[in-house]
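Asker: Mind looking over this structure? Questions follow.
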Amino acid sequence: MSGTTIAAAVAGFVRDQVVPYEHDPRRNAHGPSDELVQELRNLARAAGVLTPHILSDGSHLSHRDTAKVLRASGLSPLGPLAVNVMAPDEGNMYLLGKVASTEQKTRFLSPLVDGTARSAFFMTEPAADGGAGSDPSMMLTTATQDGNHWVVNGRKAFITGADGAKVGIVMAKADEGATMFLVDLPDPAITIERVLDTIDSSMPGGHSVVAVTNLRIPADQMLGNPGDGFKLAQVRLAPARLTHCMRWLGACDRANEIATDYACRRHAFGKPLVDHEGVGFMLAENLIDLRQAELMIDWCADVLDTGALGTVESSMAKVAVSEALMRIADRCVQVMGGTGVTDDTIVAQVFREVRAFRIYDGPTESTSSLPIRWSDRMRIADRCVQVMGGTGVTDDTIVAQVFREVRAFRIYDGPTEVHKWSLAKKIKRDWRDAQGPVQT
């Protein structure tokens, strides 16, 4: 079955069966309850769309096809957990599928693929302790060998889904370097100190601060060899960054649908909101950002499909897509006015979730240190002038000329505003042609 076919099935399932659960009282500030998760997964299992990115023979869809499927899952904040492609489970399944032994896959991977267990990835540590965050080399959690066991001690922070997880991947520093271990959860040696109150609320179990005290782990539960932790983390990192982009692109697709419907129905000052340039331009900019985000995801997915690690490319995609989706979500709130800041629709939640997404798997500022941040030509040219100071405004180099030429380019073949207004009119035409109910 092709990725396009699977994505269509997932999209239909999310719209028809998951969206009605968006106001279910079993959703709270620390994420949906496990009861709700299992109820939704039972529906997904019956519909044949549970864990859709992993095929019946155990093979994984290509990254490009995964992008289609995960984008479809994101059409509801509950969609990824319903079809079992949410973080951190999706990334953990990918890692175990790549590096775990046969015995480890049977014991730890199979329950995740079946959707009967959740997992947690224990890497980041409390900032107050001076522990690892965006810089994993600062890791303080230790792993000491004791016969055929390893003993782990330390504290972890922002551990998504730890509360209620059944499978854990714990990273700690051994003499040989950072090392990963698989553990069954819950374990009395791992205690949740508190579940943090955060701006996002889509992930079951929330985000926890955890103490690990004399956790004894059999040696055969180590992933790879001592000191392989950072190398294995790189296997997981780029795909996990990209799948975040995929899911939240789907969420912004839906938020934009809702905002567009609102702008076409709501009237002010004698005409629909969409006919006011200030509103129409925002929706046009959303279409541009959505397509740019899609193209960045597909480009990075193609790189990963060659077998490359894609570290730099995934950094570029993470920055470009997360910033674009933040702009989209913010515009959707703005277009909808007072309604946009309520929970009457999912728009306000998408805004909160996407704001947190700019931090997940490395904040924009840390990932921007690898590539030059994606930008349009005008911003690139302007930064080049600024970087060069006085020299940048002279003709000693071509930089000043490029700035002048690109400024003129914004007028050639139609100024920016003409294109935005053309898009705004297209949005209204498409809405009028559809005239179907939009799920809010």
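The values are calculated or read from the model by the stated rules, or taken from the named source; none is laboratory data. All values reported here derive from a predicted model rather than from experimental measurement. Reconstructed Cβ throughout: ideal geometry from the backbone, glycine too, with neighbour counts over all protein chains shown.
Asker: How many residues are among the small types (Gly, Ala, Ser) and farther than 18 Å from Thr66 by Cα when one looks only at the range 298-314? Working first, answer last.
Answerer: Taking the range 298-314 and keeping what is among the small types (Gly, Ala, Ser), we get 301, 307-308, 310, 314.
If we keep only those that are farther than 18 Å from Thr66 by Cα as well, we get none.
Total meeting the criteria: 0.
Asker: Of everything in the range 349-380 that's part of a helix (DSSP H, G or I) and modelled with pLDDT under 85, which residue is nearest to the chain's Cα centre (by Cα)?
Answerer: So the residue we want is Thr364.
Asker: More than 15 Å from Val37 (Cα to Cα) and buried (at least 24 other Cβ atoms within 10 Å of the Cβ), is that true of Thr66?
Answerer: Details: more than 15 Å from Val37 (Cα to Cα): yes; buried (at least 24 other Cβ atoms within 10 Å of the Cβ): yes.
Judged against the criteria, Thr66 is a match.
Asker: Let me spell it out: the conditions are (1) under 20 Å from Ala82 (Cα atoms); (2) surrounded by 15 or more Cβ atoms within 10 Å (Cβ to Cβ); (3) polar (S, T, N, Q); (4) at pLDDT 95 or above, and Thr116 meets all of them except one. Which number is the exception?
Answerer: In the conditions (1) under 20 Å from Ala82 (Cα atoms); (2) surrounded by 15 or more Cβ atoms within 10 Å (Cβ to Cβ); (3) polar (S, T, N, Q); (4) at pLDDT 95 or above, Thr116 misses (2) alone.
Asker: For the subset of the range 103-126 comprising residues that are of a type in the set (Phe, Trp, Tyr) and closer than 30 Å to Leu43 by Cβ, which member is nearest to the chain's Cα centre (by Cα)?
Answerer: Only one residue fits best here, namely Phe121.
Asker: Continuing with the same structure: So, in the range 181-217, exactly how many residues are in a loop (DSSP other than H, G, I, E, B) and not polar (S, T, N, Q)? Walk me through it before giving the result.
Answerer: Taking the range 181-217 as the starting set, the residues that turn out to be in a loop (DSSP other than H, G, I, E, B) are 185-189, 197-206.
Filter again for not polar (S, T, N, Q), leaving 185-189, 197, 199-200, 203-206.
Within the range 181-217, residues that are in a loop (DSSP other than H, G, I, E, B) and not polar (S, T, N, Q) number 12.
Asker: I'm checking my understanding of the structure. Among residues of the range 190-233 that are among the small types (Gly, Ala, Ser) and at negative phi, which one is surrounded by the most Cβ atoms within 10 Å (Cβ to Cβ)?
Answerer: Within the range 190-233, the match that is surrounded by the most Cβ atoms within 10 Å (Cβ to Cβ) is Gly229.
Asker: Something else now. Which residue is surrounded by the fewest Cβ atoms within 10 Å (Cβ to Cβ), if the candidates are limited to the range 392-439 and must be farther than 18 Å from Leu273 by Cα and in contact (Cβ under 8 Å) with a residue 40 or more places away in the chain?
Answerer: My answer is His419.
Asker: Take the residues of the range 127-136 that are assigned to a loop (DSSP other than H, G, I, E, B) and over 23 Å from the mean Cα position of the chain (by Cα): which is surrounded by the most Cβ atoms within 10 Å (Cβ to Cβ)?
Answerer: Gly131
Asker: Any residue at all in the range 137-150 that is over 21 Å from Pro226 (Cβ atoms), surrounded by fewer than 16 Cβ atoms within 10 Å (Cβ to Cβ) and in contact (Cβ under 8 Å) with a residue 12 or more places away in the chain?
Answerer: No - not one qualifying residue is present in the range 137-150.
Asker: Within the range 246-259, does at least one residue satisfy the condition of being basic (Lys, Arg) and either crowded, with 17+ Cβ neighbours inside 10 Å or under 16 Å from Gln334 (Cβ atoms) (or both)?
Answerer: Yes, there is a match, as at least one residue in the range 246-259 is basic (Lys, Arg) and either crowded, with 17+ Cβ neighbours inside 10 Å or under 16 Å from Gln334 (Cβ atoms) (or both).
Asker: Let me ask you something else. Are any residues in the range 293-325 of a type in the set (S, T, N, Q) and either outside any helix (DSSP H, G or I) or in contact with a strand residue (DSSP E or B) (Cβ under 9 Å, 6 or more places away or on another chain) (or both), and if so, which ones?
Answerer: Residue satisfying the conditions is Thr306 alone.
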